[in-house]
Amino acid sequence: MRRRAQARLGNAAADAGAGGTERALVPEAPNVRWCLDLVSDALTGGRRFRILAVVDDGSREGPALVADTSLSGRRVVRELEALIARRGASGHDRF
């Protein structure tokens with residue numbers, strides 16, 4: 001029995017190496033790059049809350065996890081400044 005060749009599905013731009021297809025290199029040392037994530041959820045009573053999670057890509061530890069019912073831009077900046085004061089600034093931040 002012969003098999004018919006199947007067309008490979010994919011993104012032609014990605015196959016050609018255009019824009020954003022490279023994988024991000026994982027830092028070999030801690031405090032080189034932090035990833036920031038804002039997570040939102042709700043309690044069973046309907047009350048919403050948000051969490052700011054900061055992860056160090058090199059050590060995979062979470063140097064900051066801030067939970068509150070509201071996280072304004074000013075609050076995020078204040079928390080990041082406090083983290084920088086404790087640990088020093090990272091080389092790069094990824095959102």
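The values are calculated or read from the model by the stated rules, or taken from the named source; none is laboratory data. Given the structure is predicted, the values throughout are model-derived calculations rather than measurements. Cβ coordinates were reconstructed from backbone atoms using ideal geometry, including for glycine residues, and neighbour counts include every protein chain displayed.
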Do any residues in region 58-69 that are without any contact (Cβ under 8 Å) to a residue 40 or more places away in the chain and closer than 12 Å to V32 by Cα have Cβ atoms under 9 Å from those of residues that are of a type in the set (A, V, I, L, M) and surrounded by fewer than 13 Cβ atoms within 10 Å (Cβ to Cβ), where the two are at least six apart or on different chains, and which pairs are they? G58/V26; G58/A29; S59/A29
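Suppose the filter is of a type in the set (V, I, T) and at pLDDT 65 or above; does T69 pass it?
yes
For every residue, the table says whether it meets (1) among the charged types (D, E, K, R); (2) more than 27 Å from E28 (Cα to Cα); (3) in contact with a helix residue (DSSP H, G or I) (Cβ under 8 Å, 6 or more places away or on another chain).
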position	(1), (2), (3)
R60	yes, no, no
P63	no, no, yes
A67	no, yes, no
S72	no, yes, no
R78	yes, yes, no
A82	no, no, no
A85	no, no, no
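Could you please find all residues in region 40-64 being aliphatic (A, V, I, L, M) and exposed (fewer than 12 other Cβ atoms within 10 Å of the Cβ)?
The answer is A42, L43.
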From the options A53, A12, residue that is among the small types (G, A, S) and either within 21 Å of the chain's Cα centre (by Cα) or modelled with pLDDT of 80 or more (or both): A53
Restricting attention to region 35-82, which residues are assigned to a helix (DSSP H, G or I) and hydrophobic (A, V, I, L, M, F, W, C)? V76, V77, L80, A82
